[in-house]
């Protein structure tokens, strides 16, 4: 696929063969895949957690997804992807933050936190990226800072009131918030460390590393590997397979395609559509209560994220590029060349 160029408004523009644009229907199909696949991961994690220990389940998910993706890439290209030592070190650091601390924390917390609430708290990742940028000396626009302040009002409302209404402790809610902050730090660092130019290979290796660490942590946290074969229910095993195939591989592939064929401002809508999908699925499939506090806090967070993303998009490609998760490596500020970090 051709590389996208970056227009003056920070959007990627890719012309199809013959000078035409990518059909809108194809873009919306890919967006729908991202919305549903990533929005449903919280439901999948909640189902997996029923009978499979969280670190073990998350580790198996990522090892399986990474291995399948790496095998597919090797078969397609007829060679094993290569990664430089410095890039491998970066992948280790980023995977520890994204997959071990980020996804591992969310998976562990969802034993107690409803999937919809978890998704709404994880939706604060763009806000945490903005906090990290502020600490690093960046000076965003006033509208962006206003969105940040509004967003954390929503986070506080959910942590202090939303969880209590559903019998969830503040500690477990804060665990999800901490996981989101780790995810944000990993996303921010991935744009500043030497990462592989081959996005697909880098992501596959990242998933293998993170998955292996999670599996290794499993017995250290008191989990038993035999639970996967002796105690796991059919729906939990299906959830692991769904998370690996759809939540990791399919959504990842759709997002890579979107980054090369659609404006980044349109692609980034996943940040505030996914939590809505997650809340709806949690209520419909799992019967999770959707209280007034959940709706209010979630609406505040989603609105704030939309304000922040739109404000940054209007600031031009340089500032916009430093905000969007997944813009990695030395060339990240010059062009959209890599993938987003794979979501919980």
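At-a-glance table
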| read-out | value |
| --- | --- |
| Some residue of segment 158-177 being buried (at least 23 other Cβ atoms within 10 Å of the Cβ) and at pLDDT below 90 | yes |
| Where residue 38 falls short, out of the listed (1) at pLDDT below 95; (2) surrounded by fewer than 22 Cβ atoms within 10 Å (Cβ to Cβ); (3) in a helix (DSSP H, G or I) | (2) |
| Residues satisfying the stated conditions in segment 197-209, i.e. crowded, with 23+ Cβ neighbours inside 10 Å and within 13 Å of residue 88 (Cβ to Cβ) | 202, 204, 206 |
| Some residue of segment 234-250 being within 22 Å of residue 123 (Cα to Cα), assigned to a helix (DSSP H, G or I), out of contact with any strand residue (DSSP E or B) (no Cβ under 9 Å at 6 or more places or on another chain) and without any contact (Cβ under 8 Å) to a residue 60 or more places away in the chain | no |
| Qualifying position, being outside any helix (DSSP H, G or I), modelled with pLDDT of 90 or more, in contact with a helix residue (DSSP H, G or I) (Cβ under 9 Å, 6 or more places away or on another chain) and surrounded by fewer than 18 Cβ atoms within 10 Å (Cβ to Cβ), among 219, 194 | 194 |
| Residues (assigned to a helix (DSSP H, G or I) and closer than 16 Å to residue 95 by Cβ) located in segment 171-191 | 179, 182, 183, 184, 185, 186, 187, 188, 189, 190 |
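The values are calculated or read from the model by the stated rules, or taken from the named source; none is laboratory data. Predicted model, so just to flag it, every value in this text is computed and none were measured. When we count neighbours, we look across all protein chains shown, and the Cβ atoms used for this are built from the backbone with ideal geometry, even at glycine.
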